[in-house]
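Throughout, read-outs are computed from the coordinates displayed, never taken from laboratory work. All of these numbers come straight from a predicted model, not from anything done at the bench. Cβ atoms come from the backbone with ideal geometry, glycine included; neighbour counts cover every protein chain shown.
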Amino acid sequence: MTSELVLQGVVGGLLMGLVYALIAAGLSLIFGLMEIVNFAHGEMLMLAMFASFWTWALWGLDPLLSLPLTAGLLAALGWATYRGLVRFILDAPMLAQIFATFGLAVFLRSGAQALWGADFHLVKAPLVEGRLVAGGVFVGLPQLVASGGALLAFGLLYLFITRTETGLALQATAQDRQAASLMGIDTQRMFALGWAVGGACVGVAGGLLTTFFYVFPEVGAPFALLAYVAVALGGFGNVPATLAGGVVVGLVEVLGGLLFDPSLKLIGVFGLYLVVVLWRPQGLFGRF
Amino acid sequence: MARGRLALGVALLAAALLFPAFVTLPYPRDVLIRIFLFATLAQAWNILAGYCGQISLGHAIFFGTGAYTSGVFVARDVASPWAAMLVGALLAVVLSQVVGAPVFRLRGHYFAIATIAVGEIVHILAVNWDFIGAARGLYIPIKRPDSLVNFQFHQSKAVYYYIVLGLLLLGLGVTRLIERSRLGYYFRAVREEQDAAASLGVPVARTKRVAFAISAALTAACGTFYAQYLLFIDPESVLPLSLSILICLVAVLGGVGTLWGPLVGAVVLIPLGEVTRIYLGGTGKALDLVIYGALIMIVSVVQPAGLVGIARRFRRAA
Amino acid sequence: MSLLEIAGVTKRFGGLVANRDVSFTVAPGELVGVIGPNGAGKSTLFDVVTGFQRPDAGTVHLDGEDITRRRPDEISRRGVARTFQKLRPFTGMTALENVMVGAFQKTSHVADARDIARRALASVGLGDKADAHAQGLSTGQRKRLELARALATAPRLLLLDEVTGGVDQATVPGLIRLVRDLHAGGLALVVIEHNMRVIMEISQRIVALQLGQVIADAPPADIVRDRRVIDAYLGESWRA
């Protein structure tokens, strides 16, 4: 194995890792707020990708330009998911909690397939294309833009939850629902907001991915699986740490493929999940 | 009341037993075989998840264990598929204990996602394992003549029907037995409140292991049946995450933690898939799942005990 | 010989010391009260004794046997039962089924367990609630249910975490009578209780904890005169 190959892998893993981190951030935020895992997270990502694909196919709008639209749409979907489904199962048995969002995942995925078929779609002639060569390492420009965009969105999310009053109220709700509600915070609103923000995160991630990734009904699930691992690494509910979690997942995925066989690369990632939750259920970075 | 129910049960069983004698068309029989197969799989899952509260989302690994054991046994002439059913079940039990030992320390969502991770790891390994045919899959050579020993019946597939009906009855019988024994109470106590159960002397870890072992063995037996029935298996048909999920969904729709829930779920779901496929063609394959997903959401919100729970509620109201 | 012997138990959570070098004993048939302000380490001590927490130092002996590193179910099978401060009924099961789980410790037959459970329910005054779902019971009834569940294991030692906490005033006397009856029947009890009048009345001995340490271990009459207990816990009103 040459050092260029490794370097190439590291750069690629890092770039993808930032996108994973953004997907995982929404998941972690929702879990931190109400201890519910959104098993439809991957399908929300898939819908975001279809949304940006169709705005391109129908109106010729590049996925990068339609980002605000995609983010808004997914925020609305997240909000609707909370209002229409999740709020009824907040205190339900674990089984109902898991299968409510599981049912949603099945519904969205097969719905997409029924509506648009199982075919793969790709945005042709995107705004940004081509690649960059630096020090013997090739970097696809769409990938570079996507990870830059993901990092930017992550930064905005971080500023939102740590610097704005609403964000602080979100954090307070996550830490202690009852205390927050005694302080006059409308926790129902915070929960809905959490889902909307989580939706917006996958909306942005989906839009960015569409610039270089195939769009099809099953596209979301593998991303969601990687996001679960990233969330576990960061510690369920610890949003800032998912940045590190996502990057680690991206690196492990690529390096696993280099060290072993590319078809085995995900074993490293899932193995990592098992090791982390068994050894440190609170995640590598923290707060539980 | 009790007598009426018994009569209904006997009538249903008689109808099930006589069905192949009256209906010799292959298609309806095939649908029933799949209903029984999924009812048994869902029952196996129900024992672990519904009664004992350990929500496994990776049950396909046990199905695959049973399927591949018989595939390898027959393809390499090791022994009869019946021996494979036993060995497969045994291997599944071993696998469940190996997986369970660390994973049972996790609770709730952590456990569920860990079982997905294990399921995916096994799936990927199978895709890359040449001995069992890797991604190409494994053809089970046709053996003639038809015989019970060979577990292959090409003249009349009715025998498959009776074998899977036997598996279903086994699943129902085992569940009934559990419900009416100390083990069943322990399962439910562990599901409801682990610490309280431990404080009353319930050996929590061992109880979970027993549930996992029973569930895995029954699932593996179904896997062996599937391999012998279709005579071709590959990782995409016996090990995918989507199979694990389908198993859970059948049970959840029918009613988890109930004796009849898994059968009810399979009776509703499998034909639903058939009907939409017949009337809507290719896209119908997805449309049945659209309806299914919606039903699962509704069931989760309205009545976690599924269709059986809803029926009970009506009966109580009536 | 003492039934329960706690010797030098220390339990830390990160930087917080929940129990620091706690030692005391309980004789067979004795009723010991444990008092202390919130955060004094009372419930942690119960968790250590019943195997839910491993102490960082020290030992717990039951009837001379070291049970320090035993699992909760093993300790339960050796005759130590407990209730939890935060009630933990099996909500999806009926009251009878709840209690049967405990009863199965002495029998593996469902019919026998049912008999034991019925008796235990009757003994706590819930005989008529056998078929009610645990979900539908009031807090007071749930306390009794939890007690019945523990009693169905036929313990030698019963640890009660907050007998009267969260229960309406009207049901307090009934619960107290129940505890007294159990004690009169020869059962050894360790009782955590916030209601000072209650604990003074029923205990033969009182152990006072503060910041994880034992600051007094004496009969009730002496406890109320103990300088440190008064300063730490009882406050002015008791300085008569």
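Structure values in brief
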quantity: Cα centroid of segment B:57-98 to Cα centroid of segment B:225-286, whole Å; calculated: 20 Å
quantity: Estimated translational D of segment B:86-228 in µm²/s (Stokes, Kirkwood radius over Cα pairs; 20 °C; 1.002 mPa s); calculated: 121 µm²/s
quantity: Chain A: relative contact order in percent, alpha carbon pairs under 8 Å with at least 6 residues between; calculated: 38 percent
quantity: Two-decimal Rg to Rh for segment A:47-106 - Kirkwood Rh, Cα set; calculated: 1.16
quantity: Shape box of segment A:148-256 [Cα atoms, principal axes, largest first, Å]; calculated: 47, 25, 24
quantity: Gaussian network model of chain A, Cα within-10 Å springs - most flexible of A:216, A:160, A:39; calculated: A:160
quantity: Stretch gain in nm, segment residue B:176-residue B:82, where the contour uses 0.36 nm per residue and the Cα spacing is subtracted; calculated: 31.4 nm
quantity: Zone of residue A:151's modelled label, taken as backbone nitrogen in segment A:1-41 under 12 Å from a point 7 Å along Cα→Cβ; calculated: A:14-19
quantity: Approximate spin-label separation residue A:115-residue B:17, in nm, with each point projected 7 Å along Cα-to-Cβ; calculated: 5.1 nm
quantity: Residue B:315/residue C:195 FRET efficiency (R0 45 Å; Cβ-Cβ; nearest 0.05); calculated: 0.50
quantity: Number of partner chain Cβ atoms within 10 Å, mean per residue of C:88-101; calculated: 5
quantity: Lys pairs under 16 Å by Cα in the protein assembly as shown, provided they are eight or more residues apart or on distinct chains; calculated: 5
quantity: Span-rule helices in chain A, defined as complete DSSP H runs reaching 20 Å or more along the axis (Cα) with Kyte mean at least 1.0; calculated: A:3-34, A:94-116, A:141-163, A:187-210, A:220-234, A:241-259, A:265-279
quantity: Nonlocal amide H pairs with residue C:33, under 5 Å, H built at 1.01 Å; calculated: C:191, C:204, C:205, C:206, C:207
quantity: Relative contact order of segment A:135-211, defined on C-alpha pairs under 8 angstrom at six or more residues apart (%); calculated: 36 percent
quantity: Total charge dipole magnitude, segment B:196-318, about the Cα centre, Cβ charges on Lys, Arg, Asp, Glu only, Debye to nearest 20; calculated: 620 debye
quantity: Per-residue [θ]222 nm for chain B (sum of -39500 (n - 2.57) over DSSP H runs n ≥ 4, rounded to 500); calculated: -25000 deg cm²/dmol
quantity: Computed log₁₀ I(q)/I(0) - Debye formula, equal Cα scatterers, no solvent, the protein assembly as shown, q 0.11 Å⁻¹; calculated: -1.33
quantity: Theoretical FRET efficiency, 1/(1+(r/R0)^6), r = Cβ-Cβ of residue A:158 and residue B:105, R0 30 Å, to 0.05; calculated: 0.40
quantity: Vicinal HN-Hα couplings computed from phi for segment C:126-142 (Karplus, 6.51 cos²θ - 1.76 cosθ + 1.60; Hz; Gly/Pro x); calculated: 10, x, 8, 9, 3, 9, 6, 6, 4, 4, x, 7, 6, 4, x, 5, 5
quantity: Computed magnitude of the charge dipole of the protein assembly as shown (debye, nearest 20; Cβ of K, R +1, Cβ of D, E -1); calculated: 1660 debye
quantity: Segment A:17-82 versus segment C:106-136: alpha-carbon centroid distance in Å; calculated: 52 Å
quantity: Relative contact order [Cα under 8 Å, 6+ residues apart], segment B:1-160, whole percent; calculated: 23 percent
quantity: Equivalent ellipsoid semi-axes - Cα gyration tensor, segment B:25-100, angstrom; calculated: 23, 21, 8
quantity: Under the span-like rule (Cα at least 18 Å along the axis, Kyte-Doolittle mean at least 0.5), DSSP H helices of chain B; calculated: B:2-22, B:60-75, B:81-103, B:108-127, B:158-179, B:204-230, B:241-254, B:261-280, B:284-302
quantity: Most positive-pole-ward Cα, A:271, A:154, A:227, against dipole of chain A from beta carbon charges; calculated: A:154
quantity: Calculated FRET efficiency for the pair residue B:135/residue B:232, C-beta based, R₀ 22 Å, to 0.05; calculated: 0.95
quantity: Of C:157, C:215, C:186, farthest towards positive along the dipole that unit charges on Lys, Arg, Asp, Glu beta carbons give segment C:134-240; calculated: C:186
quantity: All-pairs Cα distance distribution in segment B:190-318, expressed in whole percent, bin size 5 Å; calculated: 2, 9, 12, 16, 18, 17, 12, 7, 4, 2, 1, 0
